[in-house]
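> This is the structure, below, for whatever I ask next.
A short reminder: the numbers here are calculations on the coordinates, not readings from a lab. All values derive from a computational prediction rather than experimental measurement. With ideal geometry, Cβ positions are generated from the backbone for all residues, glycine too; neighbour counts draw on all protein chains shown.
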Amino acid sequence: MAQFEEVSQQSAVHPKPVGLVLQYGTAGFRTNSKQLDHKTKATIGVMVTEDNGVKLVDTMGEMVTPAWEGYATQLANAEQEGLLTAMKDVIEREAISMAQEASMFVSKDTRPSSESLSQAVLDGVHALESHSKGALTLGQNLSRRHSMPRFTSTVFTSYHTLVCALCLESILLRPETCSFYSVPNALDDHQTPLEKGQSHPLSVCLYCSLPRFPIPIFLLFCLTSLSLGVEMSAGERCCSYDGDADRIVYYYCDSAGRFHLLDGRQDCHPHQHIPQRTAGLDLQIAVVQTAYANGISTRYLEDTMKVIVRCTKTGVKHLHHAAQEFDIGVYFEANAHGTVLFSKEAEENIQQLARDSNTNDERENAALLLQNTVNLLNQTVGDAISDMLLIEAVLTIRGMTVQQWDAIYTDLPNRQLKVKVADRRVIDTTDAERRTVSPAGLQEAIDSLVHKHRQARSFVRPSGTEDVVRVYAEADTQESADALAHEVSLAVY
Ligand code: NG1
């Protein structure tokens, strides 16, 4: 078939380095971008970034299933002469009709290597109808979003326009927060600041077709694109995204010039914004974490917020799966990968309640807030822009500063180390990677080291993205956490 000849020719342009064996790790193919040039296999969404390598997104905009991870690994590791056989094998096993038209979105970050890597992907799917969308976030490279009616026409400009509008609307449901808009606006000539208390119609700027931003949000947009060398004033909240913008961190400097990173805080935030009880709904909320979540955050969620907390193995696919079991499943890894899921039933109840609301009481406002939260959040994959807007809405509605958010709790001091061993796969874990089952004696050694420290916890696991064993330790002081991590590292050798 002509398609197969084309694949053969194109793959020869991007040969796999001799001897290289790729593994589909915790969330994608990861290796030096120079070595990934040959990985040319098709799926519905492909996100290319310098640090992440290549991430595949399935038809629902979620991470691909283990079966497809297996196929992708098989194809990525095929030698030139075995490529067509490997491809035909996948086609046969999955009964894929090659006559059916396929569509694929390829997006990349703005780093130089992403250019050639995404070209390699495009060459690989040359025979299919593919759309190269240039520099986009992972959240924008989403097939499920694209099939939603409101995203059909100008999808790539409207996606974030819509989430901005929803954020703004949520804030405006609380009239007492309107003073937020009365700050004179030096940044954007297109916006007209409002008087305190003046009602604010949702509108889109005619010049830049973005919604009229409240100033702090506009400032945040500037900061994210200027994060290199940006000057931070004391107390000013800032945030940064990673390469494919599926993660976000907030930070600020205090008046003494001390830098504060609000690490792993997302899971303590979105559900504070979910006023399901006020709206008269009794939805079960759970927060899904991994073993890397700081012990204090788990305690805060269980004891103070009174929500169910679950722990899963590392990797968003595991967290996503666990979160699907609840009406509202909030899931975030400590490094900020994650999002919030609403069950179909919960989403329908919320949408219905919001449709039925026509008065202005607290319960109905809560229903509208809930509806906006559902629409604002990206339920398929983490989206730093949606997350930022939700966090901004929550902070504004609650009248909270970044310092107050930081002060909700104080993380236990912790340390993460990497240990290089001959074969990391000899370490096998259980209990959501919190305990080892092999090699024999390792868990007992870790237990006795942990007992020597106060408020201590430690675990080891083989990384799914690097050829290392990761060691995590936390304890009541930084010295203690450092010492424990070091001692456990020695036990791993
Ligand atoms: P590994 O290398 O399996 O620990 C790392 C991160 C994950 C996730 C994946 C990539 C840690 C401890 N692990 O996985 O959270 O970000 O990379 O998706 O940060």
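> For each pair in LYS88/LYS108; LYS55/LYS306; LYS55/LYS452; LYS88/LYS418; LYS306/LYS420, compute the distance between the two Cα atoms and list the pairs where it is over 32 Å. Before the final figure, lay out each step's value.
Working: LYS88/LYS108 28 Å; LYS55/LYS306 35 Å; LYS55/LYS452 41 Å; LYS88/LYS418 40 Å; LYS306/LYS420 40 Å.
Distance filter (> 32 Å) returns LYS55/LYS306; LYS55/LYS452; LYS88/LYS418; LYS306/LYS420.
> Next question, about the same structure. Roughly what would the spin-label model give for ASP58 and MET400, points 7 Å off Cα along C-beta, in nm?
3.3 nm
> Taking the Cα centre of the stretch 385-456 as origin, sum charge times position over the Cβ atoms of Lys and Arg (+1) and Asp and Glu (-1), and report the length of that vector in debye to the nearest 20. Mind dumping the intermediate values first?
Numbers: 10 positive and 10 negative charges, 61 e Å.
Taking the Cα centre of the stretch 385-456 as origin, the dipole is about 300 debye.
> Something else now. Over the Cα atoms of the stretch 414-492, what Rg and Dmax result, in angstrom?
Cα-based Rg and Dmax for the stretch 414-492 come out at 11.6, 32 Å.
> How long are the three semi-axes of the equivalent ellipsoid for the stretch 277-425, computed from the Cα gyration tensor as the root of 5 times each eigenvalue, in whole Å, largest first? Let's see the in-between values first.
On the way: eigenvalues 194, 68, 38 Å².
Each semi-axis is √(5λ); the values are 31, 18, 14 Å.
> Would you kindly state how much longer the chain becomes between ARG93 and ALA234 on full extension, computed as 0.36 nm times their sequence separation minus their alpha carbon distance, in nm to one decimal?
44.9 nm
> Then there's this: Calculate, in nm to one decimal, what LYS452 and GLU325 gain on full extension: separation in residues at 0.36 nm each, minus their alpha carbon distance. List each step's numbers first, then the result.
Working: separation 127, 0.36 × 127 = 45.72 nm, distance 3.77 nm.
Full extension of this stretch gives 42.0 nm more.
> Estimate the FRET efficiency between THR85 and SER116 by the formula 1/(1 + (r/R0)^6), using the beta-carbon distance for r and 25 Å for R0, to the nearest 0.05.
Working: r = 27 Å, r/R0 = 1.08.
Taking R0 as 25 Å, the efficiency between THR85 and SER116 is 0.40.
> Mind checking the full-extension length gain between ALA67 and LYS306? Use 0.36 nm per residue of separation minus the Cα-Cα distance, one decimal, nm. Don't skip to the answer; put the middle values down first.
Values: separation 239, 0.36 × 239 = 86.04 nm, distance 3.69 nm.
That pair, ALA67 and LYS306, stretches by 82.4 nm at full extension.
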